[in-house]
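*Asks:* One structure follows; several queries about it will come next.
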Amino acid sequence: MHKPKKNSEGQTRRDFIKNAAIASSFMIVPRHVLGGVGFIAPSDQLNLAAIGAGGKGASDIRNASVNGRERVAALCDVDFSGSAKASVERFPDAKRYADFREMLDKEKDIDAVTISTPDHVHGPAAKYAMERGKHVYVQKPMTHNIKEARMLTEMARSQKVVTQMGNQGGSNDLLKLVQKWVDEDKIGKIAKVEVWTNRPVWPQGGAFPKPNPSAKPDALNWDLWLGPSPEIPYTPELHPFSWRGWWNYGTGALGDVGCHLIDIPFRTLGLHYPTDAECSVGSVYSGMWTADYNPEGCPASSFISLNFAETAKSKSPVNMTWMDGGIRPAHPDIIPADHDIGGGGSANGVLIIGEKGIISTNINDSSPLMPKLYLNDGTQEFGPQTEENLEPEYGHQRKWVDACKAGFGSAEHKGLTSSFDYAGPMTETVLMGNLAIRSYMLRRENAKGQPEFYGRKKLLWDGDKLLITNFEEANQFVGRTYRQGWEM
């Protein structure tokens, strides 16, 4: 395990940053007098690195740099010829790597990393960084599977590193209005939550695409892109985005926006691990009578049901349903028929349903949250339908950087909205839906030689033990199998 470099007095650079921040409040001579207006001493800067520098990774590392306040020391990407070029142009002095393991082993002064890779690399990259004492910001979903989420949650505590998951809507101040309505018992006892999305908006539900090695970009390191997944020839439809719909790499519609949508009721109701999960999925028929069967990929649509124990905020056991693929719940009677439910066009949303009324919100990413309260007595209360964001993504990355500088256990750290202590259990809940889907698709031949789906049942979940207690074969989906050299 890498240990931070120490100076002649045995003090690490990271300790120096933290101690300098504390001591700065006692300085008699202001910093700007010593170094000019806007001057930031190198010792006051965090050394950042990006693992995944293109796509969402470009905005994550840009926002974490806080307009140049922090230093971006290194960029890691498997293909700098694509969208990662924007990060290279923005941070021309940053060293470039294809393999995050090489980068973290060579660049000893890196303090913190943003991880914005496809889902299947989140866990291995975060583990490798935290083992070396680096603070980590990991895009949603925090991990590819439930076991990885639990591992990283526990590791963040043991390594005493500051963490944040990239569900930036968790830092949206408008969530406080939804929380206020719940805490003030506006809608009374809550027993039902409905969540839905128009995702997938990428190819999903069909046969796995065919490889075409001749089409591989020269600059792409395909082996590193595959990471922990089985070795296969280059397949153009997987890179750079449509990997989301295939279990070896992505986590489907749930993984894409579940950490934004489910975050709202999970946070405001104080939910914990679900007690059970069951599902059904949409069938696609390319021929007569027999549905297509593509278990290596996520379905075109799904319906998930999760149950949770009573909390102090819900005052009742809660049933949460998830719908994707364009399926959405019925329009409640107390919401006027000409009002959208959730967000614009009712495409994505959350309904928190109580005995006295309903809270409706949009997706909780960088879209307007659009909180609305409808009570059975006809009372209506609306939050702002547009948002004026003073910082990119509600300051989600900047707050993480400030917490890194303040240190593990600081007020800034405890104030983060999606540190792994929260994001881990919430991610596990999101990924329980995918576990249910994969169990639902288990198939074998029966005695008559006909296909039999034998996992289509309610799955009972012991969250503390990471165990499906009534169907052993479903437990294979709690974790995953790793390619040699990428084990966790």
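*Asks:* Would you be able to tell me the number of residues in the stretch 412-460 that are over 23 Å from the mean Cα position of the chain (by Cα), assigned to a helix (DSSP H, G or I) and without any contact (Cβ under 8 Å) to a residue 24 or more places away in the chain?
*Replies:* Of the residues in the stretch 412-460, 0 are over 23 Å from the mean Cα position of the chain (by Cα), assigned to a helix (DSSP H, G or I) and without any contact (Cβ under 8 Å) to a residue 24 or more places away in the chain.
*Asks:* Which residue out of SER346, SER305, SER301 is within 22 Å of the chain's Cα centre (by Cα), among the polar types (S, T, N, Q) and farther than 23 Å from LEU460 by Cβ?
*Replies:* Of SER346, SER305, SER301, the one residue that is within 22 Å of the chain's Cα centre (by Cα), among the polar types (S, T, N, Q) and farther than 23 Å from LEU460 by Cβ is SER301.
*Asks:* Which number in (1) farther than 17 Å from ALA423 by Cα; (2) part of a loop (DSSP other than H, G, I, E, B) marks the one condition that VAL182 misses?
*Replies:* (2)
*Asks:* It is to be established whether one or more residues within the stretch 355-363 are in a loop (DSSP other than H, G, I, E, B), surrounded by fewer than 22 Cβ atoms within 10 Å (Cβ to Cβ) and at pLDDT 95 or above.
*Replies:* yes
*Asks:* In this structure, is PHE303 within 19 Å of LEU351 (Cα to Cα), at pLDDT 95 or above, buried (at least 17 other Cβ atoms within 10 Å of the Cβ) and out of contact with any Leu (no Cβ under 8 Å at 6 or more places or on another chain)?
*Replies:* Judged against the criteria, PHE303 is a match.
*Asks:* How many residues are part of a loop (DSSP other than H, G, I, E, B) and of a type outside the set (Lys, Arg) when one looks only at the stretch 56-111?
*Replies:* 23
*Asks:* Please count how many residues of the stretch 430-451 are closer than 19 Å to PRO299 by Cα and touching a strand residue (DSSP E or B) at 6+ places or on another chain (Cβ under 8 Å).
*Replies:* 12
*Asks:* Looking only at the stretch 246-290, filter to residues that are over 16 Å from PHE303 (Cα atoms) and in a helix (DSSP H, G or I); which one of those is farthest from the chain's Cα centre (by Cα)?
*Replies:* THR268
*Asks:* Hey, any hits in the stretch 339-347 for a residue that's farther than 20 Å from THR197 by Cα and of a type in the set (Val, Ile, Thr)?
*Replies:* Taking every residue of the stretch 339-347 in turn, none turns out to be farther than 20 Å from THR197 by Cα and of a type in the set (Val, Ile, Thr).
*Asks:* Check LYS176, LYS189 and return the single one that is of a type in the set (D, E, K, R) and touching a strand residue (DSSP E or B) at 6+ places or on another chain (Cβ under 9 Å).
*Replies:* None of the other options fit; the residue is LYS189.
*Asks:* Let me ask something additional. Answer yes or no: is there a residue in the stretch 82-102 that is within 24 Å of PHE420 (Cα to Cα) and modelled with pLDDT of 95 or more.
*Replies:* yes
*Asks:* Across the stretch 318-350, what is the total count of residues that are touching a Pro at 6+ places or on another chain (Cβ under 8 Å) and either modelled with pLDDT under 95 or in a loop (DSSP other than H, G, I, E, B) (or both)?
*Replies:* Total satisfying the criteria: 4.
*Asks:* Output the residues belonging to the stretch 131-152 that are of a type outside the set (A, V, I, L, M), closer than 19 Å to HIS413 by Cβ and crowded, with 22+ Cβ neighbours inside 10 Å.
*Replies:* LYS134, HIS135, TYR137
*Asks:* Would you point out which residue out of PRO92, PRO124 is under 30 Å from GLY252 (Cβ atoms) and either in contact (Cβ under 8 Å) with a residue 40 or more places away in the chain or in the same structural domain as MET151 (by TED's automatic domain parsing) (or both)?
*Replies:* Answer to the check: PRO124.
*Asks:* I'm checking my understanding of the structure. Among residues of the stretch 193-231 that are in contact (Cβ under 8 Å) with a residue 60 or more places away in the chain and either of a type in the set (Ser, Thr, Tyr) or in the same structural domain as ASP99 (by TED's automatic domain parsing) (or both), which one is surrounded by the most Cβ atoms within 10 Å (Cβ to Cβ)?
*Replies:* Among those that are in contact (Cβ under 8 Å) with a residue 60 or more places away in the chain and either of a type in the set (Ser, Thr, Tyr) or in the same structural domain as ASP99 (by TED's automatic domain parsing) (or both), it is THR197.
Residue-wise test of (1) of a type in the set (Ser, Thr, Tyr); (2) in contact with a Pro (Cβ under 9 Å, 6 or more places away or on another chain).
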position	(1), (2)
ILE146	no, no
THR153	yes, yes
GLY166	no, no
GLY170	no, no
LEU174	no, yes
LEU177	no, yes
ALA191	no, yes
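*Asks:* Starting from residues that are in a helix (DSSP H, G or I), touching a residue at least 60 places away in the same chain (Cβ under 8 Å) and hydrophobic (A, V, I, L, M, F, W, C), keep the ones in the stretch 142-171 and report whichever is nearest to ALA125 (Cα to Cα).
*Replies:* Out of the qualifying residues, it is LEU152.
The values are calculated or read from the model by the stated rules, or taken from the named source; none is laboratory data. Please read these numbers as outputs of a predicted model, since none were measured by experiment. Cβ coordinates were reconstructed from backbone atoms using ideal geometry, including for glycine residues, and neighbour counts include every protein chain displayed.
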